[in-house]
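Below: one structure in structure tokens.
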Amino acid sequence: MKNVLVLKNSILGAASASNQLIDDAIAALKLSDSAAIAVRDLGVAPVPHLDGNAVVALRSEPENPDQEAARQLSDLLIAELQAADTIIIGAPMYNFGMPSTLKSWFDYILRAGVTFSYSEAGPLGLVTGKRAIVVLTRGGVYSEGPAVVMDSHEPHIRNLLAFIGITDVQFVRAEGLAMGPEARERGLSTAKAGIENGLDLAMSVQFKAAS
Ligand SMILES: Cc1cc2nc3c(=O)[nH]c(=O)nc-3n(C[C@H](O)[C@H](O)[C@H](O)COP(=O)(O)O)c2cc1C
């Protein structure tokens, strides 16, 4: 059976491009009836930012009810991640990076000894055997041209996933979405074509080998 975890992050509701493309990605996976899809919409129900209690709970034993709640949330989010073999992440670009909702999710699932460990050889990701599809939506264009240096979006997400051991990652980019109706249509159809032609396993392996 296939287990898919979907993390949505748009705050734009029905107008969200990333949420539309996530639906296209789910369809392109051609999942069987036995597949389970768990959806966590962080844009609608965000996890809280880390605070003093949460940081204690993630690094040592909880000592008060707030710390206990933070530990339970972290355990739940990690269990959802570990249960999935495929993770689809919607990642709109907000202010040159990922939405703070997605960053908070990462803050709760990066746990030493649980999702990564430190060894003499450096950090070791413990979340292995998984594939991720990351849908990037952007008002401008950052994959080429003068704004390439301003992309603190894709590299940050790639590094966080790799840090916990997820290295089989396919990025789907929809760019130029705020550059007028024609550019938006072009950006969306390029991303859709990438999804329709590229979400089979062979493409994923090819991508992994090339990176
Ligand atoms: C708060 C906010 C900040 C944004 N910041 C950027 C930005 O820094 N660069 C950019 O190219 N587009 C930016 N955009 C445009 C979004 O990336 C674009 O609308 C995209 O479609 C968002 O994905 P979504 O529709 O799934 O929410 C921003 C949009 C919002 C709402």
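The values are calculated or read from the model by the stated rules, or taken from the named source; none is laboratory data. Just so we're clear, the structure is a prediction, and the values are computed from it rather than from any experiment. Neighbour counts run over all protein chains shown; Cβ positions are idealised from the backbone, glycine included. Note: areas computed on protein heavy atoms with side chains; ligands, DNA, RNA excluded. Shrake-Rupley method; radii C 1.70, N 1.55, O 1.52, S 1.80 Å.
Report the residue count in the range 75-105 for those that are under 20 Å from residue 3 (Cα atoms) and of a type in the set (Phe, Trp, Tyr).
Adding up the residues that qualify gives 1.
Also, I was wondering about something else. Going by the conditions given, is residue 64 more than 16 Å from the ligand (Cβ to nearest atom) and within 26 Å of residue 190 (Cα to Cα)?
In short, no.
Also, I was wondering about something else. Could you tell me how many of the residues in the range 1-29 are of a type in the set (D, E, K, R) and under 14 Å from residue 40 (Cα atoms)?
Within the range 1-29, residues that are of a type in the set (D, E, K, R) and under 14 Å from residue 40 (Cα atoms) number 2.
Return yes or no: is residue 77 touching a strand residue (DSSP E or B) at 6+ places or on another chain (Cβ under 7 Å) and surrounded by 17 or more Cβ atoms within 10 Å (Cβ to Cβ)?
no
When the residues of the range 93-146 are narrowed to those that are in a loop (DSSP other than H, G, I, E, B) and of a type in the set (A, V, I, L, M), which ends up most open to solvent (accessible area, probe 1.4 Å)?
121
Does at least one position in the range 9-20 carry a residue that is within 13 Å of the ligand (Cβ to nearest atom), of a type in the set (A, V, I, L, M), within 19 Å of residue 106 (Cα to Cα) and open to solvent by less than 10 Å² (accessible area, probe 1.4 Å)?
no
For the range 30-54, give me the residue count where each residue is in contact with a Ser or Thr (Cβ under 9 Å, 6 or more places away or on another chain), away from the ligand (no atom under 16 Å from the Cβ) and open to solvent by 60 Å² or more (accessible area, probe 1.4 Å).
Looking only at that region, the number is 3.
While we're on this one: Specify which of the listed residues (59, 71) is of a type in the set (D, E, K, R) and open to solvent by less than 50 Å² (accessible area, probe 1.4 Å).
When all the criteria are applied, what remains is 71.
Considering only the range 147-181, state which residues are closer than 22 Å to residue 23 by Cα, open to solvent by 40 Å² or more (accessible area, probe 1.4 Å) and away from the ligand (no atom under 14 Å from the Cβ).
The answer is 158, and nothing else.
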